[in-house]
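Read the structure below first, then the notes.
Nothing in this text is a laboratory measurement; each read-out follows from the coordinates by a stated rule. None of the values given here were measured: they were computed from a predicted structure. A quick note on method: Cβ atoms are made from the backbone with ideal geometry, for glycine too, and the neighbour counts reach across all protein chains shown.
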Amino acid sequence: MLQIGVLALQGAFVEHERMLDRLGIGHFQIRNRKELSLPMDGLILPGGESTAIGKLMDSLGMAALLRERIMEGLPVFGTCAGMILLADEIENDEKRHLQVMDITVRRNAYGRQLGSFFTQGTFAGKPVPMVFIRAPYIVEAGRNVEVLSVVEGHVVAARERNMLACSFHPELSGDLTVHSYFVEAMVKGGK
Ligand code: GLN
């Protein structure tokens, strides 16, 4: 059975696990370096607060190993704060995190307080419901980055090789399209 590790330091990780259950994919929570070293077929970086997750990753000594595993080709899916963790550049923050994906993101791009909303969009050509919560979007993407979703002129989902990032929260809408894409095209497809 495929096993996907879900970073469980802070944020909406349980909701991702429920989505993986529905897809019949094995999963486990990653809370420390030891769990990060376990064999896995893919990795999910959940939404939450990127500053908090980043600090915990650093203080638990997990950041370098995470970066290494992703650079080696481990399929990774970052949602919302997870997108910020993956980004090479953050337009409006001093801090950088894993810096593995060739994207520049804007944090809280829709505003801090009123920045949460629901819309219908498309992901890789398929209709999906989208829940945005103080979400980032991508303001610049490198030439190897494939844009998978655009909402109101802003890139809200993209893929670069083994890395998938999205601004919205498919784990909260309950729609399986994005998780299925990750599992089929990137976790299974990469094998
Ligand atoms: N605003 C958060 C951040 O900048 C992300 C929000 C989320 O993950 N829902 O880290």
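Net charge of the neighbourhood of Val6, taken over other residues with C-beta under 12 Å away and scored Lys/Arg +1, Asp/Glu -1, is -3. Considering only Ala165, Ala64, Ala157, the Gaussian network model of the chain with Cα springs below 10 Å gives its largest mean-square fluctuation to Ala64.
If you stretched the chain out fully between Phe117 and Leu2, how much longer would it get, using 0.36 nm times the residue separation minus the C-alpha to C-alpha distance?
Numbers: separation 115, 0.36 × 115 = 41.40 nm, distance 3.33 nm.
Fully extending the segment from Phe117 to Leu2 adds 38.1 nm.
Note on Met71 and Arg31: the model spin-label points, each 7 Å out from Cα along the C-beta direction, lie 2.9 nm apart. In this structure the amide hydrogen of Gly78, modeled in the peptide plane, comes within under 5 Å of the amide hydrogens of Leu45, Leu164, Ala165, Cys166, none closer than 5 places in sequence on its chain.
Looking at the range 66-149 only, what percent of DSSP beta bridges run antiparallel? Nearest 5 please. Intermediate values should be presented prior to the final figure.
On the way: 11 of 14 bridges.
Here the share of antiparallel DSSP bridges comes out near 80 percent.
With springs connecting C-alpha atoms under 10 Å apart, model the chain as a Gaussian network and identify which of Lys55, Lys34, Lys95 has the largest mean-square fluctuation. With Cα springs under 10 Å in the chain, the top fluctuation among Lys55, Lys34, Lys95 is at Lys34. Summing Lys and Arg as +1 and Asp and Glu as -1 over all other residues whose Cβ lies under 13 Å from the Cβ of Asp175 gives a net charge of +1. Using a Gaussian network model of the chain in which every pair of alpha carbons under 10 angstrom is joined by a spring, one finds that among Ile44, Ile138, Ile70 the greatest mean-square fluctuation is at Ile70. Given +1 at the Cβ of Lys and Arg, -1 at the Cβ of Asp and Glu and no other charges, the dipole of the chain around its Cα centre is 240 debye to the nearest 20.
Please list, by residue number, every one of the GluC sites (Glu not before Pro) in the range 147-191 that is coil in DSSP and has at most 14 other beta-carbon atoms within 10 Å. It would help to have the intermediate numbers written out before the result.
On the way: sites: Glu152, Glu160, Glu171, Glu184; in loops: Glu152.
In loop regions of the range 147-191 (DSSP not H, G, I, E or B), the sparsely surrounded GluC sites (Glu not before Pro) are Glu152.
Be a star and scan the range 138-152 for residues whose amide nitrogen sits under 20 Å from the point 7 Å along the Cα-to-Cβ vector of Glu184. Answer for this model: 146-150. Dipole orientation for the chain: of the candidates His16, Met40, Asn92, Met40 has the Cα lying most toward the positive pole (charges on Cβ; Lys, Arg +1; Asp, Glu -1). Here, the range 1-128 yields an orientationally averaged convex hull projection of 8.5 nm² when only Cα atoms define the hull. Its DSSP H runs of at least 4 residues, each contributing -39,500 (n - 2.57), put the calculated 222 nm mean residue ellipticity of the chain at -6500 deg cm²/dmol, to the nearest 500.
Once the mean of 1/r is taken over each pair of separate Cα atoms and inverted, the range 68-134 shows a Kirkwood hydrodynamic radius of 13.4 Å. Within the chain, DSSP assigns beta bridges of which about 55% are antiparallel (rounded to the nearest 5).
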